[in-house]
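This is the structure I have questions about; it appears just below.
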Amino acid sequence: EMYGYSVEEVRAVATREFQAHRAFLWGLCYRITGSAADADDLVQEAFVRALERPPVDMRDGWRAWLSRVATNLSIDALRRRKRREYVGPWLPAPLDTAAEASPPAHEVACPEASTEHRYDLIESVSVAFLLALEHLTPRQRAVLILRDVFDYTVQETAKALDLTQSNVKVTHHRARQAMKGYDAARLRPTRDRQARTAERLRECLSCLQNRDVAGVEAMLARDARALSDGAGEFAAARLPVVGRRNVARLLLGLVAKRPPTDRMSFRMLNGLPALVVDSSAPDGFAPRFTFQVELDRDGLIEAVHAVLATRKLVAVPFGS
């Protein structure tokens, strides 16, 4: 028996509570790690701990306990990733977000949160946001996500991370300071931005298929950047490619190497339209990958992101 209940009763409660909060836990783990595969593993590990070592003190409820376990498991996983050498640029794992969009900036769920720093659920899985989080320490990242995405209070955040409230405030302040660059250039994935990005993505694809060099260059910002995440598994640029002409040359060169039988579909990934490609490919090239662009305030493509690594694509639906 455990806490006056049979093992079977405790496990039944743990299973029910875990299922009730599973989606929340997955979203929390994904935002902290930037990895859908890691989020799958971490949520499962949190469930195992709930079965093997259920909480003794339930005054805060199961959700608080499970989120504390998942948050700390995620921080540990993020630290392990940071210690490992990564081959080529790192990009967050693509995530299917369907047709959801960020609400207007004035729609704030928590009255205590400010529109300046509060990030909604869609913006907080955007590629730009997750890349900005890479400049934070794992603890800063967790604090920022708990406070500014999930609207945790200082006290709740302190309990989740086993920190003092003073430490949470200092860590949160430093995290926000580190996000100033992102906040200054911040473009939420609104309906309008999604529509403009979809239009530009289709134009880019058309120019690439027609080998229109001038057309590709015309839609790229002068300081455009291209990141390709193959994780050493497939052929990909090992360094960021920077500059309009260099990015155009890279994209046109890659199209020339791909088979004409590529199966392509448009998806909404991480809040913005993306191209999902699935086909046979030459040896060393990825048979599946995602291709996404981000626009600057003038509507030019400022970033190109291609994710090729197999483990990064577990949350992406392929096919029509």
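The values are calculated or read from the model by the stated rules, or taken from the named source; none is laboratory data. All figures in this text were calculated on a predicted structure; none of them were measured in a lab. Positions of Cβ are backbone-derived with ideal geometry, glycine not excepted, and every protein chain shown enters the neighbour counts. Accessible surface areas use protein heavy atoms only, side chains included; no ligands, DNA or RNA. Shrake-Rupley method; radii C 1.70, N 1.55, O 1.52, S 1.80 Å.
Every residue in the range 132-151 that is touching a residue at least 40 places away in the same chain (Cβ under 8 Å) and part of a helix (DSSP H, G or I), please.
Here is the first cut: in the range 132-151, the residues touching a residue at least 40 places away in the same chain (Cβ under 8 Å) are 132-136, 138-139, 141-142, 145-146, 149-151.
Matches in the range 132-151: Ala132, Leu133, Pro138, Arg139, Arg141, Ala142, Ile145, Leu146, Val149.
Kindly check whether there is at least one residue in the range 290-298 that is free of Cβ contacts under 8 Å to residues at least 24 places away in the same chain and of a type in the set (Asp, Glu).
For the range 290-298, residues free of Cβ contacts under 8 Å to residues at least 24 places away in the same chain and of a type in the set (Asp, Glu): absent.
Here is a follow-up. Given the conditions (1) out of contact with any Asp or Glu (no Cβ under 6 Å at 6 or more places or on another chain); (2) closer than 25 Å to Arg193 by Cα, report the number of the one that Pro287 does not fulfil.
(2)
Scan the range 163-172 and give yes if some residue there is of a type in the set (Val, Ile, Thr) and open to solvent by 60 Å² or more (accessible area, probe 1.4 Å), otherwise no.
Residues of the range 163-172 of a type in the set (Val, Ile, Thr): 164, 168, 170-171.
Checking the rest, the ones that are also open to solvent by 60 Å² or more (accessible area, probe 1.4 Å) come to 164, 170.
Looking for residues that are of a type in the set (Val, Ile, Thr) and open to solvent by 60 Å² or more (accessible area, probe 1.4 Å), one finds at least one in the range 163-172, hence yes.
Hey, among the residues in the range 275-290 that are among the small types (Gly, Ala, Ser) and in contact with a Pro (Cβ under 7 Å, 6 or more places away or on another chain), which one's modelled with the highest pLDDT? Full working, then the answer.
Pass one, the range 275-290, residues among the small types (Gly, Ala, Ser): 279-281, 284, 286.
Still in the list and also in contact with a Pro (Cβ under 7 Å, 6 or more places away or on another chain): 279-281.
Numbers: Ser279: 83, Ser280: 79, Ala281: 77.
Here the residue is Ser279.
Here is a further query. Hey, does the range 215-235 have a residue that's modelled with pLDDT of 95 or more, within 24 Å of Ala281 (Cα to Cα) and open to solvent by 40 Å² or more (accessible area, probe 1.4 Å)?
no
Keeping to the range 125-142, report how many residues are of a type in the set (S, T, N, Q) and either open to solvent by 40 Å² or more (accessible area, probe 1.4 Å) or under 13 Å from the mean Cα position of the chain (by Cα) (or both). Give the derivation first.
Going residue by residue through the range 125-142, those that are of a type in the set (S, T, N, Q) are 126, 137, 140.
If we keep only those that are either open to solvent by 40 Å² or more (accessible area, probe 1.4 Å) or under 13 Å from the mean Cα position of the chain (by Cα) (or both) as well, we get 126, 137.
Looking only at that region, the number is 2.
Within the range 243-250, is even one residue crowded, with 19+ Cβ neighbours inside 10 Å and either in contact (Cβ under 8 Å) with a residue 40 or more places away in the chain or under 15 Å from Ala306 (Cβ atoms) (or both)? Steps first, please.
Residues of the range 243-250 that are crowded, with 19+ Cβ neighbours inside 10 Å, as a first pass: 247-248.
Still in the running and either in contact (Cβ under 8 Å) with a residue 40 or more places away in the chain or under 15 Å from Ala306 (Cβ atoms) (or both): 247-248.
Yes, there is a match, as at least one residue in the range 243-250 is crowded, with 19+ Cβ neighbours inside 10 Å and either in contact (Cβ under 8 Å) with a residue 40 or more places away in the chain or under 15 Å from Ala306 (Cβ atoms) (or both).
Any residue at all in the range 285-294 that is aromatic (Phe, Trp, Tyr), part of a loop (DSSP other than H, G, I, E, B) and surrounded by fewer than 20 Cβ atoms within 10 Å (Cβ to Cβ)? I'd like the intermediate steps shown before the answer.
Within the range 285-294, the first condition is being aromatic (Phe, Trp, Tyr), and the residues that meet it are 285, 289, 291.
Remaining after also requiring part of a loop (DSSP other than H, G, I, E, B): 285.
With surrounded by fewer than 20 Cβ atoms within 10 Å (Cβ to Cβ) added as a condition, the list becomes 285.
Checking the range 285-294: at least one residue is aromatic (Phe, Trp, Tyr), part of a loop (DSSP other than H, G, I, E, B) and surrounded by fewer than 20 Cβ atoms within 10 Å (Cβ to Cβ).
Checking the conditions here, which among Leu201, Leu239, Leu275, Leu205 is of a type outside the set (Ser, Thr, Tyr) and either free of Cβ contacts under 8 Å to residues at least 24 places away in the same chain or part of a strand (DSSP E or B) (or both)? Outline the logic, then answer.
Details: Leu201 fails: either free of Cβ contacts under 8 Å to residues at least 24 places away in the same chain or part of a strand (DSSP E or B) (or both); Leu239 fails: either free of Cβ contacts under 8 Å to residues at least 24 places away in the same chain or part of a strand (DSSP E or B) (or both); Leu205 fails: either free of Cβ contacts under 8 Å to residues at least 24 places away in the same chain or part of a strand (DSSP E or B) (or both).
Step by step, each of Leu201, Leu239, Leu275, Leu205 is checked, and only Leu275 is of a type outside the set (Ser, Thr, Tyr) and either free of Cβ contacts under 8 Å to residues at least 24 places away in the same chain or part of a strand (DSSP E or B) (or both).
Also, I was wondering about something else. Would a scan of the range 21-40 turn up a residue that is touching a Leu at 6+ places or on another chain (Cβ under 7 Å), assigned to a loop (DSSP other than H, G, I, E, B) and touching a residue at least 60 places away in the same chain (Cβ under 8 Å)?
Yes, that holds for at least one residue.
Additional query: Hey, among Ala46, Ala101, Ala50, Ala14, which residue is crowded, with 19+ Cβ neighbours inside 10 Å, touching a helix residue (DSSP H, G or I) at 6+ places or on another chain (Cβ under 6 Å), assigned to a loop (DSSP other than H, G, I, E, B) and at pLDDT below 95? Spell out how you get there, then give the answer.
Working: Ala46 fails: assigned to a loop (DSSP other than H, G, I, E, B); Ala50 fails: assigned to a loop (DSSP other than H, G, I, E, B); Ala14 fails: assigned to a loop (DSSP other than H, G, I, E, B).
Step by step, each of Ala46, Ala101, Ala50, Ala14 is checked, and only Ala101 is crowded, with 19+ Cβ neighbours inside 10 Å, touching a helix residue (DSSP H, G or I) at 6+ places or on another chain (Cβ under 6 Å), assigned to a loop (DSSP other than H, G, I, E, B) and at pLDDT below 95.
May I pose another question? List pairs: first in the range 175-189 and more than 14 Å from Val127 (Cα to Cα), second surrounded by 11 or more Cβ atoms within 10 Å (Cβ to Cβ) and of a type in the set (Lys, Arg), Cβ under 8 Å, 6+ apart or cross-chain?
These pairs meet every condition: Ala175/Arg141.
If Arg222 satisfies every condition in (1) assigned to a strand (DSSP E or B); (2) over 20 Å from Ser35 (Cα atoms); (3) in contact (Cβ under 8 Å) with a residue 40 or more places away in the chain but one, which is the exception?
(3)
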